[in-house]
1. Helix B:85-116 versus the longest principal axis of chain B: what angle, 0 to 90°, nearest 10, using Cα atoms?
2. Any idea how far apart A:Ile285 and A:Thr107 come out in nm if each label point goes 7 Å out from Cα toward Cβ?
3. Please report, ordered by residue number, every helix of chain A (full DSSP H runs) that is 18 Å or longer along its axis going by C-alpha atoms and whose mean Kyte-Doolittle hydropathy reaches 1.0.
4. Using Cβ counts within 10 Å as a stand-in for footprinting exposure, how do B:Ser197, B:Ser92 rank, fewest first?
5. Note down, for region B:185-257, the three equivalent ellipsoid semi-axes (square root of 5 times each alpha carbon gyration tensor eigenvalue), biggest first, whole angstrom.
6. Please report, in whole Å, how far the alpha carbons of the protein assembly as shown spread along each principal axis, starting with the longest.
7. Compute the relative contact order of region A:29-150 as a whole-number percentage, counting only Cα pairs closer than 8 Å that sit 6 or more residues apart in sequence.
8. Fewest Cβ neighbours within 10 Å first, please rank A:Phe176, B:Phe45 accordingly.
Amino acid sequence: MSLRNRTHDPRVQALILLAPAMLIYVIFALYPMLNVVVLSFQKWNGLAPQRPFVGLANYQYIFTQDPVFWVAFRNTVIWTIMCVIFPPMVGLLLALSLNQKLFARNTFRAIFYLPVIIAPIAVATMWKWMYDPFFGLFTEILTSMGLQSWIQDWLGDKSVALYSVFVAYLWQSVGFSMVLFLAGLQNVSQTLVEAARIDGAGRWNIFRYVTLPALRTTITIVLVLSVISSLKAFDIVYGLTGGGPAQSTQMLALWAFTQAMQIFDFGRGAAISVVLLLITIAVVIPYLRWTQKHEEAEQ
Amino acid sequence: MTATSATSMSDGFETVAVAKPKRDPILIALWITLLVVALIWLAPFIFILFTSLKTQAAVTSTGAFMPPTDPAFENYSNAWGRGNFASAFLNSAIITVIKVPLGLILSAMAAYALAKIRLRFSKLLLLLVVFGTMIPFQVMLAPLFTLVNSLGLIDTYPGVILPYIAFGVPYQVFILHGFFKGIPKELSEAALIDGASHFTIFRRIFLPVCLPVLAALLILDFVSTWNEFAMALVLLQDQHMWTLPLGLMSFQGQFSNDYGQLNAAIVMTVLPATIVYLIFQRYFVSGLTSGAVKG
């Protein structure tokens, strides 16, 4: 350990400890993020040595001429709204139920969490096959119930495809909300619950006036994480529909990727990315300020 | 604060409910409802597993939830031999085995420095790191490709491992920083006075103390690295370098009518993460909740 003798200064030691992780983070995460902003003002096909500056032309194109951008935007909004409502709601219901002393509740918890750890692309593959209009699971179930007329081309019909993709996403993501809510429920004061019970409060009133207020922090966290992860939806859409049919499941993250990596217009792809980045930051910054205030209040 | 919710949660997962059987009709109804929902949640797995063991003829002629009468195990060996599946499995294993421990140790070092060494810019760095936990990397796939390409690292292991580490660092540093902050000063001060360097204190005192957190992060990171798709899609173009999710995707494209083999491929892709999950269940929960939900 000759290194130790040379580096008595704790600041030097700190730099040595920090450097590897921070360098990799700055080069491979922050730099591409800044670069995407620069790229959004340039015209580039990914190969050419020149990247002429084109000002706001890429933004002008995606906002006014790109026929897909606003479809993707609208789908992203619908998708995000669904992601903020349904997985947290089902997750909360499951967490409340599984917080009761029930037989085999750990097995139940494990079952609901299991889809979370499966690769989204494998979930897509699984559900694509379950949605198969001929031999898939849903067709089979509806047929056995005598409901053949309900059978849809789940992923091929542009009026239902987005919702079909969402159901697969719901199946995968509910367990995540559930676990966060279960953790939050451990912080609900049992003394308060008991006191309310002794005072004659029913289940609903205990939930409404004791549990729910105590869960406020957790609810905020779950909702913000739901928004963020919904904006990231990429794998499952790519795997299930690739954005089709007729762009009916196209979303901003996927469209940015398609513009750059498949149409080879890196500038326009970057402009779409910047829009998505700004939306994310608009959610993240208030949340970070909120957590900081929260922590200060705790201390 | 972070550690308490983590432990209470993992206890909750561990302890089997041994309550006296209450004859509360609401709880009984609730339990039956949960059972039905749980069966619905499990149905896709059962369907995939059954189909993976059926011959092509059996898939089309028997019901979805009919167990395979004559299990067609050859689906697995056939799928394994097809479409680079074996090499994809190997690539996934190599990348995961290098990335996960390496990324974690680098994160732990950085987290220690941020939490335990007085620095003027540590608050700013921490903010930068927390910001990174929220940013969707899906936004930067194209510039990431450009960067890795300009370094000549497309289709190489470092070309995918370095970005993986970069996007893993924020969450891990954030969690470990919170954990190190909670460790009392006295533990390191005595050693500092004795002339030990921060390297020694980190290795001898802090690493052993945070082993449970490291284990939780290790397992979470194993699963997310094993499952990663979007970055691999742009950074690994040569199919001999593909990881398992890419292999599965192309398998679906090429052999989508081979239902039995396709489902066998799905099972093989999903199995390693599932086994890790079933063995280390409680670590998952503590790893997730220690970061997100605080007391």
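Taken together, the values in this text are just the output of simple stated rules run on the coordinates, not laboratory data. Predicted model only: the values in this text are computed from it and were never measured. Glycine also receives a Cβ, built like all others from the backbone with ideal geometry; neighbour counts cover every protein chain displayed.
1. For B:85-116 against chain B, the angle is about 20 degrees.
2. It is 5.1 nm.
3. Within chain A the helices that satisfy the rule are A:10-25, A:69-98, A:161-185, A:216-231.
4. Listed from fewest to most nearby Cβ atoms, that is B:Ser197, B:Ser92.
5. Each semi-axis is the square root of five times an eigenvalue, giving 46, 13, 7 Å.
6. Result, largest extent first: 78, 75, 49 Å.
7. Over region A:29-150, the number comes to 8 percent.
8. B:Phe45, A:Phe176
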